[in-house]
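A short worksheet on the structure shown next.
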Amino acid sequence: MKTIELEDDLYRYIASQTKDIGESASDILRRLLDVSANVSADLTNVEESQPHAVDTNSETKQTVTKSPVVVEEEPTPVSAPIVVETAVEVVSHSTLPASIAKLIKNKKFKETTVSVTKFIQILSVLYAENPKEFDSATDIKGRKRIYFAKSESELLSAGSTTKPRHIENTPYWVITNTNTGRKRNIITQLMAEMGYTHALIDAVSQSI
């Protein structure tokens, strides 16, 4: 098995094409490129002329399905432990822009250094923009835990270290005991389910 280097946007696109739980990246690419197993076998005889890059997505990998969406998480390598962010910066929702596109361009948002705060603000604006789609998209969850709930106790019952936070001006709570990469993945999957464009999804997730 060979490893190739993918840019973040290509990786997220491939993950979004998953149809079955447990479908590997190779299976997804075979289906998208219409490459049969026989063709793949023939290709193994071709002389390797280029060096193989290291997989840049070794920290977390995910498989995405529809309704509900399940994000398959792999254990984080010992060499790259998850850093839990505990700092919280309180910002009044009344100061936030009305649209997600305006939020990520907002000077005050850009100057915010705490990713948990940005995470909560993004979720709050996404709900304000389209509550109905937000409601249907919150089925996304991890392999062993849920990300969204309508009460703090529901998230705490799924894990005592989830550090639930209320999403301002919404009926939802979200776990915050995740590293920045996982927060970006949650935003990416949520916005994809809500129907946002790939370009905007990428810009928002990278703003955290």
Difference of contour (0.36 nm per residue) and Cα-Cα distance, Ser157 to Val35: 39.4 nm
Less than 18 Å apart at the alpha-carbon level, and either on another chain or at least 8 residues along: which lysines does that give for Lys19? Lys61, Lys66, Lys141
Over the range 106-174, equivalent-ellipsoid semi-axes from the Cα gyration tensor in Å: 22, 16, 10
Could you calculate the contour length gain from Val114 to Gln206, that is, 0.36 nm times the residue separation minus the distance between their Cα atoms, to one decimal place in nm? 31.7 nm
Strictly over 27 Å apart at the Cα level, which of Lys107/Lys144; Lys2/Lys144; Lys110/Lys150; Lys110/Lys163 would you flag in this model? Lys107/Lys144; Lys2/Lys144; Lys110/Lys150
Going by how many other Cβ atoms sit within 10 Å of their own, how do Leu96, Leu32, Leu190 line up, fewest first? Leu32, Leu96, Leu190
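No lab work stands behind these numbers, since they all come straight from the coordinates. No experiment lies behind these values; they were computed from the predicted model shown. All Cβ positions, glycine included, derive from the backbone under ideal geometry; neighbour counts span all protein chains shown.
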